[in-house]
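Asks: First, the structure itself, so that you have it in front of you.
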Amino acid sequence: MTGIRFKSLVVTVAAAFVAMACGTNGGPGTGGEELAPDQTLTFPIQDDVQTLDPGHVQSGEDIAFTTEMFAGLYGLDNSNKIINLIATGPPDVSSDGKTYTFHMRKDAKFWNGDPIKSADVLYSWNRAAALNDAYATVFQPVVGFDDTSNGKTKAMSGLSAPDDYTIKAQLTDAAGYWLSELAIWTAAIVSQKAITAGGEDSWWTKPDTAVGAGPFKMTERTAKASMAFQPVANWWGGSTGALKNIKVEVGVDQASQVKKYEASGYDLVGMANQPPSPDDILRYKSDPTKQKDENIYPSARSTWVNFNFTGNSPFAPKAGITPGNPTAGLGQDDGKKGRNAFSLSIDRDAMVDVACSKGATCTKATGGLIAKGLKGYVGDGKDPNAVFNASTAKSDYTAWDPNGSKIKGLQYRFNASATNTKIAQNLQSQWKANLGINIDLAPSDFPTLIADRNAKKTNLSRGSWGADYDHPQDWFDNLWTCEAAKPGHGGTEGYCNPAMDKNLKTANAESIDKALPLYQQAGQTLIDDNVDAVLFYGTQTYFTHSYVKGAGFNSLYDFNWQGIRILKH
Amino acid sequence: MATAPSTFEPGPDSFVATDTYEVGERMSAWEDTWRRLRRNKLALVGMAIIVILVITAIVSSFWTPYDVWRQSLGPTYQGPTGKHPFGLDDSGRDILSRLMGGAQVSMVVGVGTATLSSIIGIMLGLLAGFYRGWVDTLVSLLINVFYGLPDLLIVLLIVAVTQQRGLGNIILAISLTAWLGMARLVRGQTLSLREREFVEAARSVGTRDRWILVRHIFPNALGPIIVQATFVIPAAILFEAFLSYLGFGVKPPTPSWGAMASDGFRSLQYAPHIILIPAAALCITLMAFNFMGDGLRDALDPRMRR
């Protein structure tokens, strides 16, 4: 990302904040809006947060609050663009792409007034690496990460602080995607003093010690019952927006949430990655009056049918391929007609109608595995395998498995949930109707499915990925490289294409502008090899009263609270 | 002293064989029952509905307008149309076809449960009533213990433990709680019948116990047994529907009225036909069996004869 683009972004965001500042505590807001005197936003969530410690956070509800309470060098705006927070601008990157130098604002502070210096950044990043939780890999590009994450060292050798407001990071390889990773919660700055005072495991549970540098701070929390937040006074980053209080009721089931919302007990429903139930979404969609409150946003999640490329899977290019060994580009692909048949026999319009509440909770996929709206999306209608063609599907199937021996005992594995069961039953019905075969459904719990998929024990299973940040590397490195294809890794197909890997390695080292064509080429390779039968892309739904403005979803997370305002009503 | 009249004039109650005396037509007990049953209009309506249901269930085993499992036949939640007279459900399946398939499930479960629970109940009831003593104590204890346990709990445990949701397993599970009434009834009947003269007579000529039970006691208790079995059928159908509603019934996509109602419950506000149609089918079926059961009871019960 160029410096000019960054500057223009900062100016735009700052202008927006200035505009919002006009509308605090009643009076006119943006665009002549008249704000309500009480700027309290109240919403429910069903599942309580598991943690608000940026080093541990991984679930949707945790992320939603952590990103408001904490700040890192960079963050994301409502359109998913990287913005400067504690950093003064984009990093200085060496010509080989391996050395990053970050410059920090000198006025950044934790909400308790403690200044943020380079030592805090080193502490936070090394701590996150050492915790080695799900998102510690954000720091994988840094020299010394492996030693820190496996406990050999306390600090990554590639990180240093030349002065109080400069950070230097040495990377093992050029990583053009690293800035995208640094913009997520794992790289947020935490206070060593507060963690020591509050206790390593519980500091985030108490308002006094849940110290961050974000625009909001937690003022009250009763586990499994409620949370409250307020804007940080004189926040170093500028305006905190119109809201003065955020009240969160915790542990409210979906049906009760909507009931209370309809009784004006909540301002909106669907925050923190916890949308209303599909039944309520459909009910609202079917009611012209309620429909006005329903806001549906695309989400960065794709769902597909996984084919196993290894072992004795009928979908493997040839029998006996071991996970992580090349499976494509060999000129022989005995499984391709089968994969074609299973994909072409799915009418995705029908599936979306059945499994996604008449299309309210997902949209059919036509442009590859990376979800629409994200970098790396191949393009509308670019996946010929995602087109319903019953006759070709049937002829491909007959050619592939003339006597039915290949699908004997074949099961579709999925993690049991209402939506996944509907998807599975619809797949079963469509395969039976269009291919004339009966595929047994085998639900299980999620950990069992993940373990079996990663061990490449499932020949046909549900696959899905929700992006952590808007960069194709997040998809490819986790799912479709030869490294990911190895046993125990997340490349559940066991698909390994050395030529594609080579391109991806080049792409990963480049800036996104240069890398994007390479990623799209890789995406096209996945389509050409029919690695997975992509089904649909996700959506995120909110029910929002008309007087609430500025709430929404940027395909990854809730819009920042700074932009939310309550109009007079 | 009274003297005999010179001429004998038969009174109205005197038995005198004449050519004009009308002897009532001889009828078997079953013919008599049928004659009484025919007079009960509700029972006849019930029987007619049951006959239709049985025919529907049989036909659905080889033909339905659409495959019962087939989704996406049209837009989900579509209301009744010429092509789909009962509309489509939340998965775009034809409700009429699934209703027909559900009738088969209901009939199999109802008749299967009535049969199995009757076999268990009759055998235990006969043994307990005939032998009395420790056999009676044991069977009565078993009945009382089972009565103390909630039906639903037992059935759910069986389904959960076996992890099987086939029809056979559901019939077995429901039967294990449905035999109690039958056993109690048969035990009571046997206790009474075993003291009757024809049993004494059979015993006195050395007839074996098994023969007495099968040829003398059981046939004489058959009327109440049939009535009881008739009432087990709707109870079993309702139980299966309830299990399916809870998600413990037959495995999808096999249609069940309970599961269909469960699917429809969520869309009650915008697609009420999905729940109303299976619920109506269930109501009509239960009423039909109850009408027929009441009619049979009236027809078979001597105390009801006027």
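Asks: Using a simple spin-label model with points 7 Å from Cα along the Cα→Cβ vector, what separation in nm is obtained for A:Ser59 and B:Ser140?
Replies: 5.6 nm
Asks: Let me ask something else. So what is Rg over Rh here for the stretch A:464-539, counting just Cα atoms and using Kirkwood for Rh?
Replies: With Rh from the inverse mean 1/r over Cα pairs, Rg/Rh is 0.94.
Asks: Here's something else I'd like to know. Per residue and in Å³, how big is the convex hull formed by the alpha-carbon atoms of the stretch B:47-125?
Replies: Spelled out: Cα convex hull of the stretch B:47-125, divided by residues, is 110 Å³.
Asks: On the protein heavy atoms, probe 1.4 angstrom, tell me the percent of accessible surface of the protein assembly as shown carried by carbon and sulfur.
Replies: Carbon plus sulfur share of accessible area: 57 percent.
Asks: Next up: Give the separation of the Cα centroids, the stretch B:195-243 to the stretch A:327-356, in Å.
Replies: Using only Cα atoms to place each centre, the spacing works out to 60 Å.
Asks: Provide the convex hull volume over Cα atoms per residue for the stretch A:137-204, in Å³.
Replies: 112 Å³
Asks: Taking +1 at the Cβ of each Lys and Arg and -1 at the Cβ of each Asp and Glu, which of A:Leu73, A:Gly212, A:Pro498 sits farthest along the dipole of chain A towards its positive end, judged by Cα position relative to the Cα centre?
Replies: A:Pro498
Asks: With every protein chain kept in the model, how would you rank B:Cys283, A:Cys356 by accessible area, 1.4 Å probe, largest at the top?
Replies: B:Cys283, A:Cys356
Asks: While we're here: Seen from all sides and averaged, what is the projected area of the convex hull of the Cα atoms in the stretch A:32-169, in nm²?
Replies: Mean projected area of the Cα convex hull: 11.5 nm².
Asks: Oh, and also: Please state the relative contact order of the stretch A:298-539 as a whole percent: Cα pairs under 8 Å, 6+ residues apart?
Replies: 34 percent
Asks: Still on this structure: Which three extents, in whole angstrom, do the alpha-carbon atoms of the protein assembly as shown cover along their principal axes, largest first?
Replies: Answer, in whole Å and largest first: 149, 69, 58 Å.
Asks: Same structure again: Please list the three semi-axes, largest first and in whole Å, of the ellipsoid equivalent to the stretch A:298-539, using sqrt of 5 times the eigenvalues of its alpha carbon gyration tensor.
Replies: Ellipsoid half-lengths, sorted descending, are 25, 21, 17 Å.
Asks: Same structure, new question: Please report the buried accessible area for the interface of A with B, total over both chains, probe 1.4 Å, in Å² to the nearest 100.
Replies: 1400 Å²
Asks: Of the options A:Ala183, A:Ser357, B:Ala279, report the single residue whose Cα projects farthest towards the positive end of the charge dipole of the protein assembly as shown (beta-carbon charges: Lys, Arg +1; Asp, Glu -1).
Replies: B:Ala279
Asks: Run through all the Cα pairs of the stretch A:321-443 and give the fraction in each 10 Å bin from 0, expressed as whole percent.
Replies: P(r) over the stretch A:321-443, rounded to whole percents: 12, 35, 39, 13, 0.
Asks: Still on this structure: Report the Cα centroid-to-centroid distance between the stretch A:59-93 and the stretch B:41-95 in angstrom, as an integer.
Replies: 56 Å
Asks: Please list, or write none, the lysines whose alpha carbon is within less than 18 Å of the alpha carbon of A:Lys117, excluding same-chain residues fewer than 8 places away.
Replies: A:Lys106, A:Lys109, A:Lys168, A:Lys193
Asks: Compute the angle between helix A:418-435 and the longest alpha-carbon principal axis of chain A, please, reported from 0 to 90 degrees and rounded to the nearest 10.
Replies: Roughly 20 degrees, rounded to the nearest 10.
Asks: In whole Å, what are the Cα extents of chain B along the three principal axes, biggest one first?
Replies: That works out to 100, 53, 32 Å along the principal axes.
Asks: Under unit Cβ charges (Lys, Arg +1; Asp, Glu -1), what dipole magnitude, rounded to 20 debye, does the protein assembly as shown have relative to its Cα centre?
Replies: 1280 debye
Asks: Looking only at other chains, what is the average number of their beta-carbon atoms within 10 angstrom of each beta-carbon in B:68-76?
Replies: 6
Asks: I've got another one for you. At 1.4 Å probe size, with every protein chain present, just tell me what the per residue accessible area of the stretch A:298-539 comes to in Å².
Replies: Ligands and nucleic acids excluded, the result is 36 Å² per residue.
Asks: Based on DSSP H runs of at least 4 residues, each adding -39500 (n - 2.57), what is the mean residue ellipticity at 222 nm of chain B after dividing by all its residues, to the nearest 500 deg cm²/dmol?
Replies: Computed ellipticity for chain B at 222 nm equals -22000 deg cm²/dmol.
Asks: Give me the net charge for the shell around B:Leu180: Cβ to Cβ below 14 angstrom, other residues only, Lys and Arg +1, Asp and Glu -1.
Replies: Taking every other residue near B:Leu180 into account, the sum is +1.
Asks: Percent relative contact order of chain A, based on C-alpha pairs within less than 8 angstrom and at least six residues apart?
Replies: It rounds to 19 percent for chain A.
Asks: Further question: Quick check: pseudo-label points 7 Å beyond the Cα along Cα→Cβ at B:Glu200 and A:Glu200, how many nm apart are they?
Replies: Between B:Glu200 and A:Glu200, the label points sit 9.1 nm apart.
Asks: Taking the Cα centre of the stretch A:298-539 as the origin, how large is its charge dipole in debye, to the nearest 20, when only Lys and Arg (+1) and Asp and Glu (-1) carry charge on their Cβ atoms?
Replies: My answer is approximately 480 debye.
Asks: Can I ask one more? Please report the net charge: other residues with Cβ closer than 14 Å to the Cβ of A:Asp114, K and R +1, D and E -1.
Replies: Overall, the nearby charge balance is +1.
Asks: Let me ask something additional. Which residue, chosen from A:Pro402, A:Ala390, A:Leu374, occupies the Cα position most advanced towards the positive end of the dipole of the stretch A:338-413, where the dipole is computed from +1 (Lys, Arg) and -1 (Asp, Glu) charges on Cβ about the Cα centre?
Replies: A:Leu374
Asks: For the stretch A:253-288 and the stretch A:164-213, write down the distance between their C-alpha centroids in whole Å.
Replies: What the calculation gives is 34 Å, centre to centre.
Asks: Over 18 Å between Cα atoms, which of A:Lys206/A:Lys247; A:Lys318/A:Lys456; A:Lys260/A:Lys549; A:Lys81/A:Lys372 qualify?
Replies: Beyond 18 Å between Cα atoms: A:Lys260/A:Lys549.
Asks: Please list, in chain and number order, the residues 5+ apart from A:Ile346 or on another chain whose amide H is under 5 Å from its amide H, with Hs placed from the backbone.
Replies: Here A:Asn389 satisfy the definition.
Asks: Moving to a separate point now. So who's got an amide H within less than 5 Å of the one on A:Phe553, skipping anything under 5 residues away but keeping other chains? H placed 1.01 Å off N, in plane.
Replies: Excluding prolines and chain starts, which carry no amide H, the hits are A:Phe559.
Asks: May I ask you to derive the FRET efficiency for A:Lys568 and A:Thr289 from their Cβ-Cβ distance with R0 = 22 Å, giving the value to the nearest 0.05?
Replies: Efficiency at R0 = 22 Å is approximately 0.55.
Asks: Given 0.36 nm per residue, what is the gain on full extension from A:Ser264 to A:Ser79 after removing their alpha carbon distance, in nm?
Replies: 63.7 nm is the gain from fully extending A:Ser264 to A:Ser79.
Asks: Give me the net charge of B:Thr64's neighbourhood, meaning all other residues with Cβ under 9 Å from the Cβ of B:Thr64; Lys, Arg count +1, Asp, Glu -1.
Replies: Around B:Thr64, the charge tally is -1.
Asks: On alpha carbon coordinates alone, what is the Rg over Rh value for the stretch A:282-332, Rh being the Kirkwood radius?
Replies: 1.45
Asks: List the residues of the stretch A:279-302 that lose 40 Å² or more of accessible area once all protein chains are present, compared with their chain alone (1.4 Å probe, heavy atoms only, no ligands or nucleic acids).
Replies: A:Asp279, A:Leu282, A:Arg283
Asks: Next question. Taking Cα atoms, how many degrees apart are the long axis of helix B:133-148 and the longest axis of chain B, rounded to 10 and kept between 0 and 90?
Replies: 40 degrees
Asks: Another question about this same structure. Compute the longest continuous run of chain B that contains no exposed GluC sites (Glu not before Pro); treat a site as exposed when its DSSP state is not H, G, I, E or B and it has at most 10 other Cβ atoms within 10 Å.
Replies: B:26-194
Asks: For A:Ile321, enumerate residues with amide H under 5 Å from its amide H, sequence gap 5+ or separate chain, H modeled in the peptide plane.
Replies: When sequence neighbours closer than 5 places are left aside, the close amide H contacts are A:Gly311.
Asks: Something else about it: Out of all Cα-Cα pairs in the stretch A:277-381, roughly what percent, to the nearest whole number, are more than 15 Å apart?
Replies: Of the Cα pairs, 72 percent sit more than 15 Å apart.
The values are calculated or read from the model by the stated rules, or taken from the named source; none is laboratory data. No experiment lies behind these values; they were computed from the predicted model shown. All Cβ positions, glycine included, derive from the backbone under ideal geometry; neighbour counts span all protein chains shown. These accessible areas exclude ligands, DNA and RNA; they are computed on the full protein's heavy atoms, side chains included. Shrake-Rupley method; radii C 1.70, N 1.55, O 1.52, S 1.80 Å.
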